[in-house]
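S.K.: Sharing a structure here in structure tokens format.
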Amino acid sequence: MLQCIFLLSDAGEVMLEKQLSGHLVDRSICAWFWEQAVSLGDSFKQQPVISSHTHYIFQVFRDGITFLGCTQIEMPPLMAIEFLCRVADVLNDYFGTLNEDIIKDNFVIVYELLDEMIDNGFPLTTEPSSLREIIYPPNVVNKALSIVTGSNSNVSDTLPRATASCIPWRTSEPKYSNNEVYVELVEEMDAIINRDGGLLKCEIYGEVQVNSRISGFPDLTLSFTNPSVLDDVRFHPCVRFRPWESHQILSFVPPDGQFKLMSYRVRELKSTPIYVKPQLISDGGTCHLSVLVGIRNDPGKTIDSVTVQFQLPPFILSADLTSNHGTVNILAKKTCIWSIGQIPKDKAPSMSGLLVVETGLERLHVFPSFQVGFRIMGVALSGLQIDKLDLKNEPGRFYKGFRALTRAGQFDVRS
């Protein structure tokens, strides 16, 4: 069982502390953790389970926030890590995004959510649809009422409808005039490309997101044309494991509303949809930079929202960069963002310019890494395709829709 949860900012500040049992965990454990994180760097942050002199510590890092779980008692580590991941997912679902300011502005809601999600150190209610009925999500009306009435509580006076249901993730007998289900494949491509253009790593992290608005207790089956490409699959609790194990078919009674049905990885992809070719030539105290972007493998759909971002080295005094397509902006902390948008078919976008280095340096000794962003609507680059979606106990007319989206994740090009 977990004994305490801490939320730490990117600077190591304790933003929230939630004691979960009679044993009080002192905040000094956070100071010890942060000292270790600063001294050991990324290698320490990549360890999900850490053993201190007094506690076992579980950590999950999301959007600049570190979720820490502490205990002195032996417990399954995956349970603690999964619960912290679920807390991060619920907060992201409630607030739309996650950062330090949002946690501080909605401190009361975060604390109320933790009260409902865990009881005496053991996970209790973690389904977002049930939590939304217990703790109202923040909106303008609720904030106005809290100012007028002086009450900061968003807790509902009634129990969630799922309490009376035989299925904990679904409300009791929902009713809709139009029964419909929409399935979306959302994929992120992670890639590392070396300075010679060689592909060091390329894989897809994907999610199957479902929006279900069906009356009663529907029993759905979802099948894929090529499930063999999937790896590291992870399911929502509603999925029955035996049909997937035997026939790679997803059989489930869905929660009401939007939810993540499953996540997966597709490893060792051979190519990327676009290429980015940076070139830096430094000599005599200046550096000439040129970056060329184009379509490598046409996915058959429009590639838009293309961006190239990189950090200028600290010894660069000034930069004069221009492009033949899109806009180039140099922001605070010497961050350069080239916003291309949609790649035109008649020419390859290029950016070039001059970088001035500090006096005494003849050439660059540190070269930047380029982070690439893009979006492709209507295609899943993993090759995964939905075969069919069936409803066993169909309540009359039944509407269903499918779509796909691929975007860049950690897409880095080294120079």
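S.K.: Label points 7 Å out from Cα along the Cβ direction at Glu13 and Ser246: separation in nm?
M.R.: 5.6 nm
S.K.: Just to be sure I understand the model, the point goes 7 Å from the Cα along the line to the Cβ. What's the resulting Leu361 to Asp304 distance in nm?
M.R.: About 3.9 nm separates the two model spin labels.
S.K.: Now for a separate question. Strictly greater than 18 Å: what percent of every Cα pair in region 274-377 meets that? Mind dumping the intermediate values first?
M.R.: Working: 2515 of 5356 pairs.
The answer is 47 percent, as a whole percent.
S.K.: May I pose another question? In straight Cα distance, which aspartates and glutamates are under 20 Å from Lys104, not counting same-chain residues fewer than 8 positions off?
M.R.: Asp10, Glu13, Glu17, Asp63, Asp89, Asp93, Glu112, Asp115, Glu116
S.K.: Where Rh is the Kirkwood radius over the Cα pairs of region 7-63, the temperature 10 °C and the viscosity 1.306 mPa s, what D in µm²/s does Stokes-Einstein return? Before the final figure, lay out each step's value.
M.R.: Working: Rh = 12.2 Å.
Reported coefficient: 130 µm²/s.
S.K.: Using mean Cβ contacts within 10 Å as the protection proxy, how do 235-245, 324-334, 399-409 order, highest first?
M.R.: Final packing ranking: 399-409, 235-245, 324-334.
S.K.: Which FRET efficiency value, to the nearest 0.05, do you get for His288 and Lys104 by plugging their Cβ-Cβ distance into 1/(1 + (r/R0)^6) with R0 = 60 Å?
M.R.: So, using R0 = 60 Å, E works out to roughly 0.85.
S.K.: Work out the length of the dipole vector of the chain about its Cα centre, built from +1 on the beta-carbon of each Lys and Arg and -1 on the beta-carbon of each Asp and Glu, and round it to the nearest 20 debye. If you can, show how the numbers build up before the last one.
M.R.: On the way: 37 positive and 47 negative charges, 228 e Å.
Here the size comes out at about 1100 debye.
S.K.: Over all alpha-carbon pairs in region 298-342, figure out the percentage whose distance exceeds 18 Å.
M.R.: Counting every Cα pair in region 298-342, those more than 18 Å apart make up 37 percent.
S.K.: Percent of accessible area on the chain owned by carbon and sulfur, 1.4 Å probe?
M.R.: For the chain, the apolar C and S fraction of the accessible surface comes to 50 percent.
S.K.: Here's something else I'd like to know. What's the lysine pair count for region 274-377 at a Cα cut-off below 28 Å, pairs eight or more apart or interchain?
M.R.: 7
S.K.: Compute the Rg/Rh shape ratio of the chain: radius of gyration over Kirkwood radius, all on alpha-carbon atoms.
M.R.: With Rh from the inverse mean 1/r over Cα pairs, Rg/Rh is 1.01.
S.K.: Whole Å is fine, so just give me how far the alpha carbon centre of region 123-139 lies from that of region 236-261.
M.R.: 21 Å
S.K.: From the mean inverse distance of alpha carbon pairs (Kirkwood) and the Cα radius of gyration, derive Rg over Rh for region 4-126.
M.R.: 0.92
S.K.: When Lys and Arg each count +1 and Asp and Glu each count -1, what net charge do the other residues less than 11 Å away from Thr302, Cβ to Cβ, add up to?
M.R.: Net charge around Thr302: +1.
S.K.: So which helices of the chain fit the span-like rule, where a helix is a whole DSSP H run, its Cα atoms reach 30 Å or more along the axis, and its mean Kyte-Doolittle is at least -1.0? Intermediate values should be presented prior to the final figure.
M.R.: Values: long enough: none.
None pass (Cα extent of 30 Å or more, hydropathy at least -1.0).
S.K.: Now for a separate question. Mind checking which aspartates and glutamates have their C-alpha under 12 Å from Lys400, skipping anything on the same chain fewer than 8 residues away?
M.R.: Hits, sequence-local ones excluded: Glu180, Glu184, Asp390.
S.K.: Can you give me the distance in nm between label points at Tyr176 and Phe315, each placed 7 Å from the Cα along the Cα-to-Cβ direction?
M.R.: 6.1 nm
S.K.: Run down the aspartates and glutamates and flag those whose C-alpha is under 18 Å from the C-alpha of Lys270, throwing out any fewer than 8 positions away in its chain.
M.R.: Cα-Cα hits under 18 Å: Glu187, Glu188, Asp190, Asp196, Glu203, Asp231, Asp298, Asp412.
S.K.: Additional query: So what's the back-of-envelope 222 nm ellipticity for the chain, counting only DSSP H runs of four-plus at -39500 (n - 2.57) apiece and dividing by all residues, rounded to 500? Walk me through the numbers on the way to the answer.
M.R.: Values: 8 runs with 77 residues, N = 415.
Roughly -5500 deg cm²/dmol at 222 nm, from the helical runs in the chain.
S.K.: Might you tell me the accessible area per residue for the chain, computed with a 1.4 Å probe and given in Å²? Kindly include the intermediate steps, with their values, before the conclusion.
M.R.: Numbers: 21050 Å² over 415 residues.
I get 51 Å² per residue for the chain.
The values are calculated or read from the model by the stated rules, or taken from the named source; none is laboratory data. Please read these numbers as outputs of a predicted model, since none were measured by experiment. Cβ atoms come from the backbone with ideal geometry, glycine included; neighbour counts cover every protein chain shown. Just the protein is used for accessible areas: all its heavy atoms, side chains included, with ligands, DNA and RNA removed. Shrake-Rupley method; radii C 1.70, N 1.55, O 1.52, S 1.80 Å.
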